[in-house]
1. Condition first: within 9 Å of DNA strand D (Cβ to nearest atom), under 19 Å from B:G145 (Cβ atoms) and touching a residue at least 24 places away in the same chain (Cβ under 8 Å). Now tell me which residues in the range B:166-186 satisfy that.
2. If you check B:E189 against the conditions, is it more than 10 Å from DNA strand D (Cβ to nearest atom) and touching a helix residue (DSSP H, G or I) at 6+ places or on another chain (Cβ under 7 Å)?
3. From the residues in the range B:151-165 that are closer than 26 Å to B:S30 by Cβ and within 14 Å of chain A (Cβ to nearest Cβ), which one is nearest to DNA strand D (Cβ to nearest atom)?
4. Could you pull out every one of the strands (runs of 3 or more DSSP E) wholly within the range B:93-201 that has 1 or more residues that are among the acidic types (D, E)?
5. Of all residues being in a loop (DSSP other than H, G, I, E, B) and surrounded by 14 or more Cβ atoms within 10 Å (Cβ to Cβ) in the range A:21-42, which is nearest to the chain's Cα centre (by Cα)? Just the residue, please.
6. Run down A:L118, A:L150 and say which single residue is in contact with a strand residue (DSSP E or B) (Cβ under 8 Å, 6 or more places away or on another chain) and within 13 Å of DNA strand C (Cβ to nearest atom).
7. Can you go through B:G162, B:G158, B:G145 and tell me which one is modelled with pLDDT under 95 and surrounded by 15 or more Cβ atoms within 10 Å (Cβ to Cβ)?
8. Are any residues in the range A:72-129 among the charged types (D, E, K, R) and either at positive phi or more than 8 Å from every other protein chain (Cβ to nearest Cβ) (or both), and if so, which ones?
Number of protein chains: 2
Amino acid sequence: MKIQRGRPLHKDRHVYSAGEEFKSVFAVRSGSIKSYTVSNDGQEQVTGFHLPGEIFGMDGIAHNHYTNSALAMETAAVCEIPFSKLQDLSIAIPSLQRHFFQLMSKEITNDQQLITLLSKNSAEERVATLLLSISNRNLRRQLSGTRFRLPMSRADIGNYLGLTVETVSRVFGRFQKQDMLKVDKKEIEVLDFDKLRALAN
Amino acid sequence: MKIQRGRPLHKDRHVYSAGEEFKSVFAVRSGSIKSYTVSNDGQEQVTGFHLPGEIFGMDGIAHNHYTNSALAMETAAVCEIPFSKLQDLSIAIPSLQRHFFQLMSKEITNDQQLITLLSKNSAEERVATLLLSISNRNLRRQLSGTRFRLPMSRADIGNYLGLTVETVSRVFGRFQKQDMLKVDKKEIEVLDFDKLRALAN
DNA sequence: CCATTAAGATGACCTAGATCAATATCATCG
DNA sequence: CGATGATATTGATCTAGGTCATCTTAATGG
């Protein structure tokens with residue numbers, strides 16, 4: 001498959017912007033990417049964080065244009081995977097088609113979990129869930145699940161979880177006071193995993 | 001394509017339940033269906049309402065098992081569309097594959113809009129958005145966009161929108177007081193469409 | 001290397017919507 | 001058809017998280 005081996009992307013550079021013609025999906029090679037939409041009244045909604053090894057950009061398929069924008073939260077590298085090639089290939093290799101369906105379906109499942117989180121859980125539960133998710137994704141990348149660096153700002157966390165920065169800050173504060181977490185700026189250390197899991201449920 | 005022409009489904013009967021093996025997606029023929037998940041702590045989250053002409057059941061593709069349950073909110077009829085046939089066919093007919101990708105991608109876009117709604121909008125804005133969505137979907141079915149019957153209960157509306165029944169009730173009350181809506185139980189009449197659209201944005 | 005700006009933390013206060021409770025209305029079935 | 005349980009409305013009160021304001025710390029650049 002022809003894959004564009006992307007040059008490094010600097011912090012705050014867009015991989016693509018909402019409205020652009022959809023041509024490709026992308027794989028994160030290094031660094032981290034956030035997806036977000038801008039609603040018609042101008043406010044930003046962060047829809048996802050993408051870590052190395054993860055695929056993003058599938059939101060563009062429906063309308064032939066991306067509905068999200070995607071930008072590097074830190075210096076990053078991405079692989080471009082042209083969708084047309086993918087379609088041709090997936091006709092020749094049915095398992096690839098299936099794989100791709102699964103990726104999209106997984107995205108749906110993820111979004112629905114976020115919907116539940118937003119409509120049913122408290123600020124603490126939301127933050128705990130995000131931390132656990134990042135921890136798990138780090139584990140899958142052979143990294144530590146207990147000590148890691150958050151690639152995103154407090155503002156991005158708040159935006160993603162439907163909370164204000166202040167609330168995110170306070171929740172981190174409470175988590176530290178309970179000796180569940182050690183927080184040093186973006187550096188996180190999980191001290192009590194059971195408690196975190198219990199909160200995230 | 002072999003399509004199961006479903007016998008009528010009675011109110012509160014499941015089309016499928018979470019955990020069942022994924023075999024098919026479904027099209028609503030008449031009546032209305034709600035999808036919901038049950039989170040590990042037992043609470044229900046309504047993830048979507050499906051009206052005649054709409055497709056549901058795509059959440060099962062990722063894990064070969066449905067993650068949602070789907071049940072009839074009133075007497076309904078659905079068509080079963082076996083996914084294996086769909087896959088075979090979509091290899092022969094690339095446009096069908098594309099069409100199916102689009103359906104899934106649309107689902108992603110929908111979910112992301114709901115995420116924004118839940119994390120950024122007030123109770124009134126949420127309810128207005130749902131009403132407008134149902135109105136629009138009725139229009140596409142050649143039905144009135146101004147007078148229609150809500151197929152779902154207040155509890156389902158609240159659950160879907162991350163609000164309590166009481167709040168939903170009060171919002172309907174306020175909408176009536178403002179002469180924007182006429183509400184008689186589940187029967188809705190939109191009196192001021194501009195105001196509704198403004199709220200829904 | 002300091003200046004400027006952005007990011008984060010913390011406190012005081014307020015409000016939208018939750019919770020609790022009482023009542024009213026509807027649907028269903030024996 | 002009247003009784004019973006589900007569904008909806010309405011009111012009184014409470015609270016999680018928002019808002020606003022201040023202060024601290026960390027990046028960035030000239």
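The values are calculated or read from the model by the stated rules, or taken from the named source; none is laboratory data. All values reported here derive from a predicted model rather than from experimental measurement. Backbone-built Cβ (ideal geometry, glycine too); neighbour counts: all protein chains shown.
1. Result: B:F172, B:K186.
2. In short, no.
3. For the range B:151-165, the residue satisfying everything is B:A155.
4. Details: elements: B:147-149, B:181-184, B:187-190.
Hits in the range B:93-201: B:181-184, B:187-190.
5. Let us first name the residues in the range A:21-42 that are in a loop (DSSP other than H, G, I, E, B), namely A:22-23, A:31-32, A:39-42.
Add one more test, that the residue is surrounded by 14 or more Cβ atoms within 10 Å (Cβ to Cβ), and what stays is A:22-23, A:31-32, A:39.
Values: A:F22: 19, A:K23: 21, A:G31: 12, A:S32: 8, A:S39: 19 Å.
It comes out as A:S32.
6. Working: A:L118 fails: in contact with a strand residue (DSSP E or B) (Cβ under 8 Å, 6 or more places away or on another chain).
The unique qualifying residue is A:L150.
7. B:G145
8. Within the range A:72-129, A:E74, A:E80, A:K85, A:D88, A:E124, A:E125, A:R126 qualify.
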